[in-house]
Amino acid sequence: MKLRWILLALLLVLAGCPEPPPPADDDDDVTDDDDITGDDDDAIGDDDDSAIGEDDDDDDSSVGDDDDSADDDDDSAEPLQELDCPGTSLTCATVGGSTIGEPDNVNDWNSCDADGGHWTGGEDVFRFVPGGDGEVTFTLTWSDAGQDLDLFVVSECGAVDGCLGTSLGSTTSESVTVPAVAAVPLFIVIDGKDGAGSAYQLTADCDSIEVVEVGTSVVDVTYCLDWNTVNVIEPPGLISLLSTFGGIDITDFPLLINPTAVDPAANEIEILGSAAIEATCTQDPIALTIDITASQPGLFVDPYFEAGPSNLVLPAPGLTVYLYDSTITGLFSEDASQITDSTVNGALGVPPNVSTACSFLACYPCPSGIGDCVDFSADSAVWDDNGFGPLTPNP
């Protein structure tokens, strides 16, 4: 009962203050005395939305005013500045493509000291994840000398930010060399200047990256997630909320993954997932075994991997928690005994006995159509070899 009153009081506080009272009047009388200087009517010379020569901010059609016309600070006239993310996966190889017909989302590369709105051609976006530390060189070539393509490397996708390098020449070749850090993504953007578009080839040269290759040594090893190493980014305070509202210790939800095949030449990996018995790393014999890479092969850039999306089930005593559309990334250690620098993302089902937490979290209907979910994002996770070999399939 006390918790119910506390929640009610908090909701009232979050609701904020009541709206201010309306102005004294809001009519169209020329001589009224309402909330603005002059009147709020439709007469010429007032502060309304139709006068000629006025100085208001609400008029979108008058001549000479200080409104949102083409020569003022109108956001609708600004070039779009959102890249098409997350981009196509790029490995240490050469790929072909074309910017012809691709969306033109970014016209101005201010973060790369390349402004002026000249990049009105289509863009192609690539995502490269280094398997080790060092340097990587990206080289862009195309054959049509009448088209000018430029090359940008940024640290963040979406809003254009974090410029790491550019090549803005006028020949048919561009090249950028940037630092590489293991498991930290780089985004490579090919953009056409002044509407240019062309077929091209893009090469990632990784000769300067120091990579510890694990190859097939990770196959048939089952890794157990150590929740004590996990840094939960979204939703903030999740672990505390689960404990406070549901009496749930998140370490009661051990998660297991097992690489079953890797193809270093094709940069592919296959992974199974399951759950462990409470507070252990032993596979739960009644827990389902899920093929995390069933919909598409995982990315394997030795020793880095990405797998998903898939729906994972995390059973606990008297409770089942779902992680929908989950993706898992990480780095295999040299001796294949651990996965480090791991991220886990997805839509986390809110357990029924913790549903009151949706008063504080941005909940939405789960993809299954049953119950509420919240966005889940975590990094810095470590997985350890559980010592029991491969998972036993349990359909």
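Numerical summary
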{"quantity": "The range 363-395: number of residues that are over 22 Å from G273 (Cα atoms) and either in contact (Cβ under 8 Å) with a residue 60 or more places away in the chain or small (G, A, S) (or both)", "calculated": "2"}
{"quantity": "Pair list, Cβ under 8 Å, 6 or more apart: the range 350-362 residue without any contact (Cβ under 8 Å) to a residue 40 or more places away in the chain, other residue of a type in the set (D, E, K, R)", "calculated": "V350/D372; S355/D372; C358/D372"}
{"quantity": "Residues of the range 269-280 that turn out to be at pLDDT 95 or above and either in contact with a helix residue (DSSP H, G or I) (Cβ under 9 Å, 6 or more places away or on another chain) or open to solvent by 10 Å² or more (accessible area, probe 1.4 Å) (or both), as a count", "calculated": "3"}
{"quantity": "Exclusive hit being among the charged types (D, E, K, R) and either under 19 Å from N231 (Cβ atoms) or in a strand (DSSP E or B) (or both), set D384, D335", "calculated": "D384"}
{"quantity": "Subset of the range 182-211 [surrounded by fewer than 22 Cβ atoms within 10 Å (Cβ to Cβ) and of a type outside the set (G, A, S)]", "calculated": "V184, P185, K193, D194, Q201, T203, D205, C206, D207, I209, E210, V211"}
{"quantity": "Verdict on T343 being assigned to a strand (DSSP E or B) and either on the phi > 0 side of the Ramachandran plot or of a type in the set (V, I, T) (or both)", "calculated": "yes"}
{"quantity": "Single condition P390 does not satisfy, out of (1) surrounded by fewer than 17 Cβ atoms within 10 Å (Cβ to Cβ); (2) at pLDDT 95 or above; (3) of a type outside the set (K, R); (4) touching a Phe, Trp or Tyr at 6+ places or on another chain (Cβ under 8 Å)", "calculated": "(4)"}
{"quantity": "Among residues of the range 332-361, those that are closer than 20 Å to C281 by Cα and surrounded by fewer than 21 Cβ atoms within 10 Å (Cβ to Cβ), counted", "calculated": "8"}
{"quantity": "Failed criterion for L314 (all others in (1) in contact with a strand residue (DSSP E or B) (Cβ under 7 Å, 6 or more places away or on another chain); (2) within 18 Å of V221 (Cβ to Cβ); (3) aliphatic (A, V, I, L, M) hold)", "calculated": "(2)"}
{"quantity": "Output for the range 124-137, where each listed residue is touching a Ser or Thr at 6+ places or on another chain (Cβ under 7 Å), surrounded by fewer than 19 Cβ atoms within 10 Å (Cβ to Cβ) and among the charged types (D, E, K, R)", "calculated": "R127, E135"}
{"quantity": "Tally of residues being assigned to a loop (DSSP other than H, G, I, E, B) and farther than 15 Å from P393 by Cα across the range 273-312", "calculated": "10"}
{"quantity": "Conditions (1) at pLDDT 90 or above; (2) part of a strand (DSSP E or B); number of the one not met by P315", "calculated": "(1)"}
{"quantity": "Residues (polar (S, T, N, Q), within 20 Å of the chain's Cα centre (by Cα) and farther than 17 Å from D385 by Cα) located in the range 296-333", "calculated": "Q296, S310, N311, S326, T327"}
{"quantity": "Elements of type strands (runs of 3 or more DSSP E) contained in the range 182-261, each with 1 or more residues being of a type in the set (G, A, S), under 30 Å from S143 (Cβ atoms) and touching a Leu at 6+ places or on another chain (Cβ under 8 Å)", "calculated": "186-192, 199-205"}
{"quantity": "The range 138-174 - residue that is part of a strand (DSSP E or B) and open to solvent by 60 Å² or more (accessible area, probe 1.4 Å) and, of those, nearest to F126 (Cα to Cα)", "calculated": "E156"}
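The values are calculated or read from the model by the stated rules, or taken from the named source; none is laboratory data. Source: prediction; values computed, not measured. For neighbour counting, all protein chains shown are included, and Cβ atoms are generated from backbone atoms with ideal geometry for every residue, glycine included. The accessibility values were calculated without ligands, DNA or RNA, using every heavy atom of the protein model including side chains. Shrake-Rupley method; radii C 1.70, N 1.55, O 1.52, S 1.80 Å.
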